[in-house]
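**Student:** Take a look at this one; I'll ask things after.
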Amino acid sequence: MASFVDMDFPVEGILPKKETGAVSFINKYPDFDGRNVLIAILDTGVDPGAPGLQVTSTGEAKIVDLIDATGSGDVDTSTVVEVKDGTVKGLTGRTLQIPGDWKIEDDKVHIGVKNAYDLYPRALKDRVTKERKEKEWDVLTRDAFANACKALEDFEVAHPNCTTQEEKLEKENLQSQIDILTEADKKYNDCGPVYDCIVFYDGDTWRACVDTSEEGDLSSCKVLASYYKEKQYGTLTDDDMLNYSINIYNDGNTLEIVTNAGSHGTHVACIAAGNFPEAPERNGIAPGAQVIGIKIGDTRIGSMETGSALVRAMIKVKEYKCDLINYSYGEASHWPNSGRVCDILSEIVNKHNVIFVSSAGNNGPALSTMGAPGGTTSALIGVGAHVTPQMMAAEYSLREKLPSMHYTWSSRGPTQDGALGVSISAPGGAIASVPNWTLKGCQLMNGTSMSSPNACGSIALVLSGLKANNVDYNPYSVKRALENTAKSVDGVEIFAMGYGLVQVEKCFEHLLANCKSMDCKTEFNINCSGFGRGIYLREPLDLEKPSVIAVSIEPNHYEGLTEKTEKISFCVQFSLTCDASYVQCPSHLELMNCSRTISIKIDSRGLSEGAHYTEVCGYDVTCVEKGPAFRIPITVIVPTRLNDTVGYQMQFKDMSFKPGQIRRHFITVPEGASTAVLRVKSLDKEKSCRMLLHALQLLPQYQFKKFEFEKFVNISDQGETMHAFPVVGDRTVELCIAKWWANIGDVTLDYSITFHGVSCSSNTVVMHGGEGVTRFELRSTLKTEDISPCVTFKTVTQPLRPVENKIKCLMGPRDQLPEGRQIYGLELKYTFNVAKTSEVTPDLSLLSDLLYESEYESQLWMLFDSNKQLLGTGDAYPHQYNVKLDKGDYTVMVQVRHDKKSMLDKLKSVILLIHFKLPSPLNFDLFSTWQAALVSGKKLNSISLKKSDLLPVFAAPLQEDKITVIKTPCQGCYLTGSMTLMKDEPSKKASAIPFKYVMTEAPKKNNKTNGKDKSDKNKNKTKEEEYREALRDLKISWLSKLETEASELLYEELKSTNEDHLPLYVARLQALDAEKEKEKYTPEIIELSNLILSKIDRPSVLAYFGMKTDNSNDASTIKSDKEEKKTQIITSLLKLGLAQSDVILNEWTIEDNDVTVENVDETMLELTKWIDVADAKVLPFSIKHALVHKQYGRALKYSLKLLEDKPSKDLEQKIIELYEKLGWQHCHRHFSNWLLVKYPHGYRPF
């Protein structure tokens, strides 16, 4: 038995509040717990049923509104129908019973349809799909399969030797049932429930009901109004436990069903403002605050944020006059602090008094890994993630106590334009509530996604106190107070920490004390010439001599809060200070309401290798104690140059690491280097270690991920790992080796980095197939290298122009910015064909990889098949979204948004790229000589390339046999892949450069026919005879095109002069078969079919095709004639069999011509002499023949085969009926739902 049990659980570490002073602040000011503060949670959506999100500490509703800004929950309810006899027919085809207690104005309702899986987060879809399969499919399929097997066994016992045709068909029928069930089980794919949606106006408000019964029983379903009106929500089903709410727009024409795209948003909301009256230790930071849940993570694209969702969210934030925004999202950006989305986010801060708190990113530990917008946008407060000993014990159950530190992955500053990036930090982990559909009450999550709501909740406490004391504040004064009162932590660098951990009480007191200062409504915009918001010296050229930088400081007074007289009287005297000896700056500055420029000199000579940070701080001389009014951040990176100019290797020996320790090495990459190889070896003899290897280079106007290498590795005791990555010569690379923060124990490592350099005369090789042999050169730039150039293509790209474009005014309050700025949407339509099953990626390349920094609000594409079924969706990051497509025609709809119509006009003809993944990589040959390339001679193999040697490489156009493998249109298309240069791994993959091959027109097919052509038939005919035959054939071709009466008259006319011309009768037969009144024309079809068959000598035709070879002089003419006769026989037998089957199946009566089952069998037996019953042409008759015999297994087998060749909604409906006839109700339900999904009423709205 244990000698001691600690009964005091460290609850303060579950959702940390102590470190920021939030606990002591609420203890001191119980009423300042966030009450009267409204927080907008921009995330994956908030579950109103999750624990802690029902009421505030004062009993008010915790959630004020729930909104889906993405459009993923939208339902088109523009179809209006009238209620008759208490029912309406839904778009699913179900009859919907309208409860008598519903009050519906004018008996008019709007209807729509929604697939439940469109509303499900991915994790929920996976769970429900598994559960539904086990519950609704597996059991019933096993039962049906057992019954089918038993029926076949019983039949085989009763008929051990099937001798009659009837017995053979029955055995085939039973075997077909087994095969169908086996195949259906193998291909099972659940489309999920499909719900009818009804929207109606009750004379007072718009209401909606989702038919979650799937049976039209609306009395069992919940009727909801828009959430903000009644604060009501429903649960889709007891199985999924997915809570939903609704909003109704555009006079009932748009229903917005609000669900979660993930559990992230609920967790975030609970950290910021969760309230547990019965368990206050689990409270969020600000239990008195209210929240608005705005879903910006689009379910269609796996919870990714979109620009349009963010803009809609800002519209709602302004509408509700929110005090705070928490945004725990972000992406890498190519340039900071600009772009349309960033501008709109900044506008809400700079004009509407909203404080915007955002995660800094989880891309550390290397420097300059800030995510946008939180770490890159001046108006936002970027938050880093900290972990404390209490968190380690309560959340992570670590067996040893470690000191406070930042999480290894928390993003670090500075930004590329020199700003610090991280403003403040907060605890970055919590065990908090998650949505009910997860079937968990709470869950541990960590990330700057968690530190942001912790900081946001802390700010809510401050604002609650300020409001209670009627103290004015604005985003500028709050951000400055947060930074000037934050608490630094020993051992944590400023790049990670920002100015320190949030300190709630100190921030509150700072704002109280300085609310009347002259600069309390002012921010100071810093612009450093040649840099941006700070000074960032990183590259070798920056450090060669002292730098003198002109820095402008411009006051920006808060719009709407600052009077003109205040601007006139604004004049502040600043003392400028800097604690770094390598920086010289003026000592004082008097600043009025205009921009002033000062000069700063930085002399980095003599600084040690590594990262150095300092600031020039401006203090108001009248109140130095309030801290800096502005800061000019200065970062200097001093890299090391390699001394080894032979092996180009830098070694680091006996480097010890404690948990969470980071070692940074800044190295000037040798000029000409293209790859680096990192080797890491553990010297520990007892334990393994978990390390994060991170290398980074920065290039102007490229996101940091462009030249980033990141790898988590577990290194065993005395183990070794080796990795390679591309580098750019003569620029600084940061090599960052970090021990994972929670990996207990010390470890000692040896590691080295070795540079290699092989360059190509072009950074991207582009070759045109029409230009003949192409030459490019390779050069070894550092030392002798073993190379083996190899080109592999993986995709073929087809550029498309839009077939349609239109600019729509997006009406409604969701899409109208402040000051009446209406947003417009450009909708572009592209079409393409897939010749063979392929994986494709649509790419609007002009706007790709741009979100926050883009000049356009958003781009979103949706890919539909020919039936308008949505197959895939993607956004600004195309290569995250691949769609597997079968053979067929497809449409891509693209939407781009902006509030200036002129901006959208520029994109009306923008090209969309469709990237087709090749079935297997296509290798492309390279040669060492022009002659070898021309004749496909000896290929280029491995070679040892000496330093500075030049190697010419030649490539010839693709061979015809390789082009034909590519099943896409050739002209205008191009192949994309890469050319690897180095011979051995791991350098081989890292040395790859892009290679593009532009394709020309596809090779012409050989249309020569074997034998005589058609003109041979006419060589002995006069022109008049040729004319009469051509005229006859033209008239025959019109038989199926004319109206019934005209066609009949033309047929009689032709028949009178061409009584023995069989094509005439065949054409008439096909015309009759196309008539809608089948019963009326069936007797003539039967009669005409028999007539054609009687006019053909079938035995002689059969005998011909049974002949091995025909060596006669006119063999080709005979062959052509016999093949024509065979086609006429097959056509006649098919039409005859179909007509006979229709008579029996429809119980039609035909005078003087009784049709029996035996007649149908005889026709089928005759037909099998000429063609296989499973041939695509015969399948319609094979199906009906099986139905005549009530052999539904055979009928279903042939129907499914026909569906593969000629898919159609009517055929699928008939297949569903066959499932019902077989008694397989679970298959009937399953495929009935699929029918609704595969054949929607229109394109899904954006």
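**Student:** 5 Å is the cut-off here: which amide hydrogens, built 1.01 Å from N in the peptide plane, fall below it relative to PHE630, excluding neighbours closer than 5 in sequence?
**Tutor:** When sequence neighbours closer than 5 places are left aside, the close amide H contacts are GLY618.
**Student:** Separate question: Could you compute the FRET efficiency for ASN161 and LYS996, with r as their C-beta to C-beta distance and R0 at 60 Å, rounded to 0.05?
**Tutor:** 0.35
**Student:** Over 27 Å between C-alpha atoms is what I'm after, so list which of LYS1023/LYS1126; LYS401/LYS739; LYS1122/LYS1190; LYS168/LYS887; LYS887/LYS1221 land there.
**Tutor:** Going by Cα-Cα distance, LYS1023/LYS1126; LYS1122/LYS1190; LYS168/LYS887; LYS887/LYS1221 fall outside the 27 Å limit.
**Student:** Mind pulling the angle between the C-alpha long axis of helix 504-513 and the longest principal axis of the chain? Nearest 10 degrees, somewhere in 0 to 90.
**Tutor:** Once rounded, one gets 60 degrees.
**Student:** Cut-off 15 Å, label point 7 angstrom out along Cα-to-Cβ of ASN556: give me the residues of segment 292-308 whose amide nitrogen falls inside.
**Tutor:** Under 15 Å, as judged by backbone N against the label point of ASN556, lies no residue of segment 292-308.
**Student:** Considering only protein heavy atoms and a 1.4 Å probe, what is the carbon-and-sulfur percentage of the accessible area of segment 1-82?
**Tutor:** Percent of accessible area from carbon and sulfur atoms in segment 1-82: 57.
**Student:** Please give the net charge around ARG94, taking every other residue with its beta carbon less than 9 angstrom from that of ARG94, where Lys and Arg add +1 and Asp and Glu add -1.
**Tutor:** Combined, the nearby Lys, Arg, Asp and Glu give -3.
**Student:** Would you mind checking which residues have amide H under 5 Å from THR254's amide H? H placed 1.01 Å from N; only 5 or more apart, or other chain.
**Tutor:** THR77, TYR249
**Student:** When the solvent-accessible surface of protein heavy atoms is calculated with a 1.4 angstrom probe, in what order do LYS229, LYS739 fall, highest first?
**Tutor:** Heavy-atom accessible area, descending, gives LYS229, LYS739.
**Student:** Hey, what do the phi angles of segment 238-243 turn into as Karplus ³J(HN,Hα) couplings, whole Hz, using 6.51/-1.76/1.60 and θ = phi - 60°, x for Gly and Pro?
**Tutor:** For segment 238-243, the Karplus curve yields 5, 6, 8, 6, 8, 7 Hz.
**Student:** Then there's this: Which of the listed residues, THR668, SER72, LEU846, is farthest toward the dipole's positive end in the chain, when Lys, Arg count +1 and Asp, Glu count -1 at the beta-carbon?
**Tutor:** Sorting the options by dipole projection puts first THR668.
**Student:** Right, next: Return the aspartates and glutamates within reach of LYS564: Cα separation strictly under 17 angstrom, same-chain partners fewer than 8 residues apart disregarded; answer none if there are no such residues.
**Tutor:** ASP519, GLU523, GLU554
**Student:** Which lysines have a Cα less than 22 Å from the Cα of LYS89, not counting those fewer than 8 places away in the same chain?
**Tutor:** Leaving aside lysines fewer than 8 places away in the same chain, those within reach of LYS89 are LYS103, LYS108, LYS114, LYS222, LYS868, LYS1209, LYS1214, LYS1238.
**Student:** Here is a further query. How high is the relative contact order of the chain, given as a whole-number percent (alpha carbon pairs under 8 Å, six or more residues apart)?
**Tutor:** Relative contact order for the chain comes out at 9 percent.
**Student:** Another question, then. Rounded to a whole number of µm²/s, how large is the Stokes-Einstein D of segment 824-948 at 20 °C and 1.002 mPa s, given Rh as the Kirkwood radius over C-alpha pairs?
**Tutor:** 123
**Student:** In addition: Using per-residue counts of other Cβ atoms within 10 Å, averaged over each peptide, order 779-785, 652-658, 37-43 from highest down.
**Tutor:** 37-43, 779-785, 652-658
**Student:** Using only alpha carbon pairs under 8 Å that are at least six residues apart, calculate the relative contact order of segment 810-915 and give it in whole percent.
**Tutor:** 39
**Student:** Of the heavy-atom accessible surface of segment 116-246 (probe 1.4 angstrom), what whole percent is carbon and sulfur?
**Tutor:** For segment 116-246, the apolar C and S fraction of the accessible surface comes to 47 percent.
**Student:** Calculate one ³J(HN,Hα) per residue across segment 158-175 by plugging θ = phi - 60° into the Karplus curve 6.51 cos²θ - 1.76 cosθ + 1.60, and present them in order as whole Hz with x for glycine and proline.
**Tutor:** Coupling constants for segment 158-175: 6, 10, x, 10, 6, 9, 8, 4, 4, 5, 4, 5, 5, 5, 4, 4, 5, 5 Hz.
**Student:** Now, a different point. Skipping prolines and chain starts, which residues have an amide H placed within reach, meaning under 5 Å, of the one on ASP65, given they are 5 or more residues away or on another chain?
**Tutor:** GLY293
**Student:** Tell me, what ³J(HN,Hα) does each residue in segment 709-719 have, in order and in whole Hz, if you take phi through Karplus 6.51 cos²θ - 1.76 cosθ + 1.60 with θ = phi - 60° and put x for Gly and Pro?
**Tutor:** 10, 9, 8, 7, 9, 9, 9, 6, 4, 6, x
**Student:** What are the principal axis extents of the Cα atoms in the chain, in Å, biggest first?
**Tutor:** 115, 88, 76
**Student:** Quote the charge dipole size of segment 440-531 about the Cα centre in Debye, to the nearest 20; the model charges only the Cβ of Lys and Arg (+1) and of Asp and Glu (-1).
**Tutor:** That gives segment 440-531 a dipole magnitude of about 260 debye.
**Student:** Which value in nm describes the separation of the simple spin-label points at LYS1055 and ARG1032, placed 7 Å from the Cα toward the beta carbon?
**Tutor:** Going by the 7 Å Cα→Cβ label model, 1.7 nm.
**Student:** Go through PHE200, THR1163, SER410 and say which Cα lies farthest out towards the positive end of the charge dipole of the chain; charges sit on Cβ, +1 for Lys and Arg, -1 for Asp and Glu.
**Tutor:** Highest projection toward the positive end goes to SER410.
**Student:** Got a number for carbon plus sulfur as a percent of segment 759-877's accessible area, 1.4 Å probe?
**Tutor:** Answer for segment 759-877: carbon and sulfur cover 44 percent of the accessible area.
**Student:** Something else now. For the full complex of protein chains and a 1.4 angstrom probe, list THR675, THR79 by accessible area with the highest value first.
**Tutor:** Largest to smallest exposure gives the sequence THR79, THR675.
**Student:** As an exercise, identify the trypsin sites (Lys or Arg not before Pro) in segment 437-544 lying in DSSP coil whose Cβ has no more than 16 other Cβ atoms within 10 Å.
**Tutor:** When the trypsin sites (Lys or Arg not before Pro) of segment 437-544 are filtered for loop state and at most 16 Cβ neighbours within 10 Å, LYS440, LYS516 remain.
**Student:** Follow-up. How much length would be gained if the chain were fully extended between LYS1190 and THR1022, taking 0.36 nm per residue of separation minus their Cα-Cα distance, in nm to one decimal?
**Tutor:** 54.8 nm
**Student:** Now, a different point. Only sites in a loop by DSSP and with at most 11 other Cβ atoms within 10 Å count here; which GluC sites (Glu not before Pro) in segment 653-730 make the cut?
**Tutor:** Hits after loop and neighbour filter: GLU686.
**Student:** Let me ask something additional. Based on DSSP H runs of at least 4 residues, each adding -39500 (n - 2.57), what is the mean residue ellipticity at 222 nm of the chain after dividing by all its residues, to the nearest 500 deg cm²/dmol?
**Tutor:** About -8500 deg cm²/dmol.
**Student:** Still on this model: With every protein chain left in place, what is the accessible area per residue of the chain in square angstrom, probe 1.4 Å?
**Tutor:** 44
**Student:** If you don't mind, another one. Would you mind counting up the charge near PRO546? Only other residues with Cβ under 15 Å from its Cβ, with Lys and Arg at +1 and Asp and Glu at -1.
**Tutor:** 0
**Student:** Roughly how many debye, to the nearest 20, is the charge dipole of segment 620-763 about its Cα centre, given +1 on each Lys and Arg Cβ, -1 on each Asp and Glu Cβ, and no other charges?
**Tutor:** In debye, rounded to 20, segment 620-763 gives about 200.
The values are calculated or read from the model by the stated rules, or taken from the named source; none is laboratory data. In this text, all values refer to a predicted model and were calculated from it rather than measured experimentally. Here Cβ is always computed from backbone atoms with ideal geometry, including for glycine, and neighbour counts include all displayed protein chains. Heavy atoms of the whole protein, side chains included, go into the accessibility calculation; ligands, DNA and RNA do not. Shrake-Rupley method; radii C 1.70, N 1.55, O 1.52, S 1.80 Å.
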